Structure formats: C-alpha cells, structure tokens
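The values are calculated or read from the model by the stated rules, or taken from the named source; none is laboratory data. This one's a predicted model, so the numbers in the text were calculated from it and none came from an experiment. Note that each Cβ is placed from the backbone with ideal geometry, even for glycine, and that neighbours are counted across all protein chains shown. These accessible areas exclude ligands, DNA and RNA; they are computed on the full protein's heavy atoms, side chains included. Shrake-Rupley method; radii C 1.70, N 1.55, O 1.52, S 1.80 Å.
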Amino acid sequence: MKLWRMVAGVLGFAAVATGITPAWACACGGYLPDAESRARAYGENALVRYDGRREEIVLSMAVHGVSKKAAWIMPVPAAAEVSLGDKNTFYGLEAITAPKVVTRTTYWPFRDLDITGRDGSVGGAPRGAAAVDVRQQMTLGPFQVARLGGSSASAVTNWLRLNGYVVPATLATNLTPYITEKWEIVAVKLAPKETSGSLSGATPPLQLSFASSRIVYPMRLSKGATTQQTVTVYVASDHRVDASQLPDPSVQPKLLYAGRVTDRPELTGSQNYLTAYTVSYAEPSRITDDFTFTPAANDDEFQRITYITKNDGWPSTLAIVLLGPLLIGVGAALLARRSVRKSRA
C-alpha cells in the first residue's frame, strides 16, 4: 500500500476525454495499456549513461490518460540487468539543462514603476511459446519484468499474448528487425497494487544495463504509434556526443545542453559530460531507425539562454521630474530675453 502511494504521487496527469482509444508505443518501446484503458503514451525522458563498454538506460514514460494497468516492450542489443531507477533523476536533469536566465535592464521613464500595483515584468523563466527463451522473470516494486529471446517476432508476440499482454496487430512487424539482430526483448508490466488504482502521468523510472559497443537508443517500435511522440534523451559519457544516426532523418533533434557536471549523483566518474537532446515526431510512422550517438568533434559547452527584460524607470523618471521644470524655465527665460532684444531693436 505504501509503495503504491509513492508511485501514485509520481503519477499525476488528468484523464483524457471519453472515447479516445488506447494507442501503443513510446520511443524506447511499445506501451501496451489494457483493453479498457483510455490512455496514450506520448513520449518519455531517458538518461543514457555509457562508459565505453556498457550502456545504462533510465527510462520514464509520459502517459496521457488513465489506464488500470499497462506494459512496455523494450528491445536492447544484449542481455539486460533490470532494476528500479531513482524517481528524482529527471528532476535533477531538468534543473541542470534548463535555460540560463539573463536579465537585461532598460531605463524607460514612467514604465514599470508599480505605481498602480500591476506586475510590469516582461518575459519570465520557463519553469511462453516454445520458440521463446524466457531468460528471467522478476518483480521490481510496481513492475513485473520478463527478459525474452525468440526465434521470431511472431513467437515473442504469441508469448506476450498468452501471458496477458495486449498485442497490437503491428507489433510483430515492428519487432522483427530487433529479433533478426538477436536483440533481447524486455517485457514490463506496471499495475497498481490496489484494484481501484489507475496509471497516468510520468511512470516510475526503470533502469536497464547491458553491454554495447556504441551508444544506441531504441526507437524503431515507435513506428507503431498513432499520436505525436516526444522524447528527451540525456546522454552521460566522457565527452560531448552528436546524434549521428536519426530515427527519422527528416526530423532533427534540438540540442538542449552540453557541458560537464560534477555535482550530481546521476553523473559519476568519467561519465560526467552531459549532452541533452529533445525531438518530437508528428508522424511516427516515418521512423525507420534507432538513435545512435557518437563523440563530437569537440567538447564545446552549450546552454540555452532566456532573456528577461526588466525596466528600471525611476532614474529617468526622476530626472525628467526634477530637471524638466528647470529646462522649461531656462528655455522660457531665453525666449523672453530674445523677445526683449527684438522689441528694443
């Protein structure tokens, strides 16, 4: 009961309108809500740590709507170690990569003096089938995890169906490239402890660790999504990385941040250079590949900047109030003197 309350505290989005049918898929794997759910996975946050030999992915998906229970299908290129992730991971990463706020001061008179009590600020900071090898089954907090290998995608989807997973018609087709390449399939169920509970919002982070010769972030299952998918990937390695291979070459990811971070528990040892990208796919059906990240040409740092314009109107206003009458008086005196001279002439 206590565990589910903790999970419920993390999950908090509003329900979608009645009549929306469930959609499956997220950028790292297939999101499979139960048949009675009205929920969609529309993206996720992922921290990818890489030390040159082993990759670790910490994943939290964004679910819009309400689902009584749900599941993910996540392919990885080698045997995976699966564990619970730290629920605070992405709060810290969002704080690190947030835009730097730069205040620019102007001195327009009579502006933003708060004389009427109004806020005059400008801008602001953004806040089992026989052909399936069941390698391991375990329970991790609210997750039920199965690690699968298979001789074919249809064998894997049959196993999923027999074990209570909702299997979309396109899942076998989209799994086929991973099965052909001998990837492992991690099937994850997330269900509330209470029968009256439901799932929504950001799911509890799940952590997967596996051997890899490259930094890869699986995306090909998102081809089955029917709504826009947004993914933010934080890559922690020894150097800055470029997104050298893209899921959809026509959609370029946006760089959010690049720099060394030495004071966060998420980034330890030599894997303390953080590169963050975000991207949205309006047409997920165009996705044909995974993300691959490779070392960049240099370790140049990058941080977005949000400018806030703050007007300090008091100096110029006081100058006008105090000097205005004096200038008017001087001008009037000069005009009067000139008028006197003309009358004498």
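Estimated at 0.36 nm per residue, the fully extended path between residue 326 and residue 310 surpasses their Cα-Cα distance by 2.8 nm.
For residue 310, the residues 5 or more places off, or on other chains, whose built amide H falls under 5 Å of its own are 104, 105, 106. In the context of the full set of protein chains, the stretch 214-319 has a per residue accessible area of 45 Å² (1.4 Å probe). Take the Cβ atoms of residue 238 and residue 104, set R0 to 35 Å, and the FRET efficiency comes out at 0.45. Listed cross-link partners 100/310; 87/223; 87/310; 223/254; 189/254; 254/310 are compared with a 25 Å cut-off, the Cα-Cα value being larger for 87/223; 87/310; 189/254; 254/310.
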